[in-house]
Amino acid sequence: MEFDLNKLVRDNIKNLTPYSSARHEFTGKASVFLDANENAFGSPGSAASGDAAGSYNRYPDPLQWQLKFQLARIKGVPADNIFIGNGSDEVIDLAFRIFCDPGKDNVIICPPTYGMYEVSANINDVAVKKVNLTGAFQLDVNGILEAVDDRTKLLFICSPNNPTGNNMSREDVELLLNNFPGIVIIDEAYINYSRQKTFIQELTEYPNLIVMQTLSKAWGLAALRLGLCYASMDMIDLFNKVKPPYNINEASQQLGLEALQHMDTVNGWIKQTVAEKQLLQQTLEQLSFVEKIYPSDANFILVKVKDASALYEYLSAHELIVRNRSKDVHCENCLRITIGTPGENSILINLLKSYQQ
């Protein structure tokens, strides 16, 4: 099936003249910048101390090239194939704005899954078709393809999935990449914890593929809001065309760049998280009120218990917070528990044992 990106893009986006910022128009070397109406004296605090590195009076690089170059080295993809969003939520929102005509087009999501796909669709007035995961939390491939019509633009696949924690079958995902007529967005927010390899290396094979990752989870930078998007250069050009000119602030760029120098630390955290997850699973298996522990390739576990609301309230009363996912399809009486530090996990385990008594 021939893929034509141009046919999927909204007409107003094709014809859009993007905003041209001062930092877009001049990218060479200069010693005096009088082009962007910035405060030339510096930033409060940094100006008085003479700390140029901590000064934020200048606008940041609108395309975050240094951060992208470092990500390119780590991920093994060209920097031109990377878009950085203000969290993955910005990437999701931009996908709707680029590809979906409000009130006309639709997208497919596969509940239970990450809630922002539907919220962003609603904000953009785009219809949502829900094709629930199977009882084993896998993709209903036939159901997805049957739900497609001539106004279906996007398919969201979360793998490892939130809130269930499991990987989607790679064979199923590849089948959809080969047969879905629109854009397939694979959300790999938890891929660092997974035994399944990323789909980033498949970008050259599938021109309809967008892969989302993040620095919020394994990299521990949730407060910085650095969502990563990998796609064809044509797709990345569209995201850069539509995004706000300075969507990633300078502090986030610098702190993100610093964090990417510490891969050994992050890999150590990942190994420890996986080991702690196994210990928690072993404890949960021994508790009488635990009915099922779902397989997880993420940094959390979905657990089915006899009374999720009661257990949630008990833990909350002891100042320990988990997520009650009971309202999600196939998740009745299920709690989602994030893997914490060894000390935090020990507190949880002791509370669970006390609850059983």
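Only the coordinates and a few stated rules stand behind these numbers; no lab work does. It should be emphasised that the depicted structure is a prediction, and the values quoted were computed from it without experimental measurement. Positions of Cβ are generated from backbone atoms using ideal geometry, with glycine treated the same way; all protein chains shown enter the neighbour counts.
Students often check this: by mean Cβ neighbours within 10 Å, which of 30-41, 206-217, 104-115 ranks highest, and how do the rest follow?
Descending mean neighbour count gives 206-217, 104-115, 30-41.
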**Message:** Quick check: the distance between the Cα centres of the range 235-265 and the range 9-43, to the nearest angstrom?
**Reply:** 17 Å
**Prompt:** Arranged from highest to lowest average of other beta-carbon atoms within 10 Å per residue, in what order do the peptides 142-149, 118-125 appear?
**Reply:** 118-125, 142-149
**Prompt:** Which ³J(HN,Hα) values in Hz, rounded to whole numbers, follow from the phi angles of the range 18-34 under the Karplus curve 6.51 cos²θ - 1.76 cosθ + 1.60, where θ = phi - 60° and Gly and Pro get x?
**Reply:** x, 5, 10, 8, 4, 6, 7, 6, 10, 10, x, 8, 7, 10, 10, 10, 10
**Asked** Can you list the cysteines of the chain that have no other Cys Cβ under 4.7 Å away?
**Response** Cys100, Cys110, Cys158, Cys229
**Asked** How many angstrom lie between the C-alpha centres of the range 68-101 and the range 180-232?
**Response** 9 Å
**Request:** Starting at the first residue of the range 186-193, write each ³J(HN,Hα) from the Karplus equation 6.51 cos²θ - 1.76 cosθ + 1.60 with θ = phi - 60°, in whole Hz, x for Gly and Pro.
**Result:** 9, 8, 10, 4, 10, 4, 5, 9
**Asked** What is the set of long-range amide H partners of Thr214 at a cut-off below 5 Å, with H atoms built 1.01 Å from backbone N?
**Response** Leu228
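With runs of 4+ DSSP H residues as the only contributors, calculate the mean residue ellipticity of the chain at 222 nm using -39,500 (n - 2.57) per run, divided by the residue total and rounded to the nearest 500.
After summing the helix terms and dividing by residue count, I get -10500 deg cm²/dmol.
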**Message:** For a 21 Å ceiling on Cα separation, which of these pairs sit above it: Lys68/Lys217; Lys7/Lys153; Lys75/Lys130?
**Reply:** Lys75/Lys130
**Complete:** Counting only residues 5 or more apart in sequence or on a different chain, those whose built amide H sits under 5 Å from that of Asn167 are Asn161, Asp297
**Asked** Can you list the residues, at least 5 places off or on another chain, whose amide H is less than 5 Å from the amide H of Tyr114, using H built in the peptide plane?
**Response** Asn162
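Highest first, please rank the peptides 308-315, 69-76, 96-103 by the mean number of other Cβ atoms sitting within 10 Å of their residues.
Values: 308-315: 16.6, 69-76: 14.9, 96-103: 18.9.
Top to bottom by mean Cβ count within 10 Å: 96-103, 308-315, 69-76.
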**Message:** I need the phi-derived Karplus couplings for the range 146-161: 6.51 cos²θ - 1.76 cosθ + 1.60, θ = phi - 60°, integer Hz, Gly and Pro marked x.
**Reply:** 5, 7, 5, 10, 6, 10, 7, 10, 10, 10, 9, 10, 9, 8, x, 7
**Message:** Here are labelled values, [x] 60, 45, 41; [y] 70, 58, 34; [z] 70, 53, 32, and one is the computed Cα extents along the principal axes in Å for what I pasted. Which one?
**Reply:** [y]
